[in-house]
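Report on one structure; see the data block that follows.
Every number here is computed from the coordinates shown, using simple stated rules; none is lab data. What you see is a predicted model; the values in this text were computed from it and never measured. Here the Cβ positions follow ideal geometry from the backbone for every residue, glycine too, while neighbour counts run over all protein chains shown.
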Amino acid sequence: MPSFGGGGGHEVAQTCTNTTSLTAAYANVINTYSVPRLDFDIEGPILDDSTSNSRRNAALAALQTQNPAVQVEYTLPVAPNGLPSEEMGLLRDAKSKGVKVSVVNLMTMDFGDGESALNNAISAAKATASQLANLYGISVSAAYAMIGLTPIAGKNDDDENFTQANAKTLETFAASNGVAELSFWEMYSFDKKTGYAYSKIFNAITS
């Protein structure tokens with residue numbers, strides 16, 4: 001699943017200001033790599049750019065009209081009490097433009113409040129499930145089926161530690177609630193040194 005954006009980069013909707021051309025650019029990635037799914041990691045300065053967010057949503061709606069098989073995922077920062085107003089605004093705009101969002105992947109990391117990284121991740125998931133249920137007019141269980149959870153494997157940038165025991169608990173929570181996606185940051189620099197322990201723990205959700 002190709003991912004656009006990121007904390008330190010730019011997303012193509014910021015530099016391609018023509019919606020038709022932007023739609024074609026996304027379609028080119030779909031066609032070139034024969035993938036049905038695109039992720040958009042919208043955070044930091046990109047999240048603050050409401051013009052590009054609106055343009056991206058318009059392009060994605062057009063892309064899904066052209067190719068209904070295309071799945072759109074948004075990866076977004078989250079707080080222990082759920083998605084902040086800017087993130088919810090992005091999703092509301094996507095809904096208003098007709099974008100079918102398959103997954104809202106929550107970056108359950110770097111909360112910076114001195115609390116347990118695991119407890120914050122579970123709190124964020126529960127709060128977001130309620131938000132998505134209200135936004136899309138669906139049940140909470142259906143909302144969980146739209147949620148992804150992505151913690152940092154090990155020491156977070158705020159010095160909180162997401163341990164392997166925490167990973168097992170989060171996997172159990174995700175599986176029991178029907179969460180759509182479970183992932184972590186990141187494979188090479190964080191998980192490799194543990195012998196890929198986090199991968200082995202999270203892979204349990206596939207069964």
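Key figures for this structure:
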{"item": "Max mean-square fluctuation residue, GNM over the chain, Cα-Cα springs under 10 Å, options Tyr74, Tyr33, Tyr144", "result": "Tyr33"}
{"item": "Per-pair calculated FRET efficiency, R0 = 22 Å: Thr169 and Ser130 via Cβ, rounded to 0.05", "result": "0.60"}
{"item": "Cross-link partners of Lys97 among aspartates and glutamates (Cα-Cα below 18 Å; sequence separation of 8 or more within a chain)", "result": "Asp39, Asp49, Glu73, Glu86, Glu87"}
{"item": "Integer Hz, Karplus 6.51/-1.76/1.60 couplings in order for the range 199-207, x for Gly and Pro", "result": "4, 5, 5, 6, 4, 4, 5, 5, 9"}
{"item": "Alpha-carbon centroids, the range 14-46 and the range 107-138: separation in whole Å", "result": "27 Å"}
{"item": "Cα-Cα over 30 Å, subset of Lys100/Lys193; Lys95/Lys192; Lys100/Lys192; Lys126/Lys155; Lys100/Lys126", "result": "Lys100/Lys193; Lys95/Lys192; Lys100/Lys192"}
{"item": "Amide hydrogen neighbours beyond the local backbone of Ala153, cut-off 5 Å, H modeled", "result": "Trp185, Glu186"}
{"item": "Highest average packing first - 145-158, 163-176, Cβ atoms within 10 Å", "result": "145-158, 163-176"}
{"item": "Computed [θ] at 222 nm, deg cm²/dmol, the chain (DSSP H ≥ 4; -39,500 (n - 2.57); rounded to nearest 500)", "result": "-14500 deg cm²/dmol"}
